[in-house]
Amino acid sequence: MEIEEFLDQFYSDLLMAERDRPLTALTYRISCEQFLLWCQNQKKKLAQITVRDLIYYSVWRKTQGISEITLAKDLSAIRALGEFLVREKIWTENHALVLDRPKSPRPLPAVLSLQEIEHLLESIDTSTPLGLRDRAIFELIYSCGLRISECCSLKVINVHLDEDFILVKGKGGKERIIPFGKKAHDLLVEYFNNVRPDLVRQKIVQEVFVNYRGEPITRKGVWKKFKQILAVTGFDCKVHTLRHSFATHLLEGGADLMSVQELLGHADLSTTQIYTHVSDRQLEEAHHKYFPAHKNAGKS
C-alpha cells in the first residue's frame, strides 16, 4: 500500500474511531508522514518497527534541530498511529507508549525592575478614596507576592498591623504568614481609618478590600483597576507580574530559595527555582548592556 493511501486511512480512522478534531487529525497525519518516509528510507516495514527503531527516529528528529514541543507533538502522533496499527493487527501492542513524552521548556515569567515597580505604584492617584484603596491593594500584592484571589479574599481579622504581617489562605486552603514593609503598613492604616469605613458604612464585611458599594472587591475589579494603571504608565504586564517581581527581587536581594518558597506558598521548590533563572537572565542582560565589548568574548 502506498504511503498516501495508508495515511488517508489513518486520517479517516482518527476522525471516525477516535473522534479527533480535523485539525488534530491533520497534524497527526503530517507528523506520521515524516515517520513513514523515515521508515521507507531505513527500509523498515511497519510490522517490523520496534521500540529501538522509535528511539532512533526520535534521535534523528532531534538532529534536525526541531524543538521539544515539535518532538512532543510527533510522539503524540506516533502513539495515535500505534493505536491504529494495533486495531489493524499490524502491531500486537503499541510500542510508542513506552517512550517518554519530552517536557516543553517552561517559559520564564515576566518581571518588572524595582524602578518600574515604583513608577507603576506611584502613578496611582491617591487623592481620591478609591485611588488610595487601589494603591493599598497593589502595594500589598507586590510587598507580599499575593495572587489576586488571595488579595480579594484577605480578611480584616488576618491583617496584623502591630506586627506588620498578614495571614493568607492560598491554594488548597494552605495558610502562610507574610510580613510587609512600611509603605504597605502606612497605606493600610490610612485605608482602614479614612476609606474603608465610608465604603462599607453599616455593612459587616469580613474582606479587607471592598468596592464603591462596600462589597468585597472581585478579581475582575482588581484587574480592571490594573488595566487603568497600565494605560497611564504604558507598561504591558499582568497583575501576576507583581508576584513574579516580588519573588525575583527577593532572590536578587539575597533571600534564600526556601524562604521565598514559603512566602509564595509553593508546594514544590522546583516551582520557585524558575525565579533563579529570571535573575540569571537579568544579570546577563545587564552585563551585555553595560559591557557591550564583552558580548563576543571568546569568539573569533
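Before moving on, here are some points about what is shown:
- Within region 196-230, the residues that satisfy the criterion of being β-branched (Val, Ile, Thr) and part of a helix (DSSP H, G or I) are Val200, Val222, Ile229.
- Test result for Leu140, under 26 Å from Tyr275 (Cβ atoms) and either part of a loop (DSSP other than H, G, I, E, B) or in contact with a Lys or Arg (Cβ under 8 Å, 6 or more places away or on another chain) (or both): no
- Residue count for region 34-92, restricted to those that are in a loop (DSSP other than H, G, I, E, B), without any contact (Cβ under 8 Å) to a residue 40 or more places away in the chain and among the β-branched types (Val, Ile, Thr): 2.
- Total residues in region 150-184, condition farther than 18 Å from Ala247 by Cα and part of a loop (DSSP other than H, G, I, E, B): 6
- Scope region 222-255; condition surrounded by 16 or more Cβ atoms within 10 Å (Cβ to Cβ), of a type in the set (Gly, Ala, Ser) and out of contact with any Phe, Trp or Tyr (no Cβ under 6 Å at 6 or more places or on another chain); matching residues: Ser245
Each reported figure results from applying straightforward, stated rules to the coordinates on display, with no laboratory input. Only a predicted model underlies this, so the values are computations on that prediction, with no experimental measurement involved. Note that we place each Cβ from the backbone using ideal geometry, even for glycine, and neighbour counts take in every protein chain shown.
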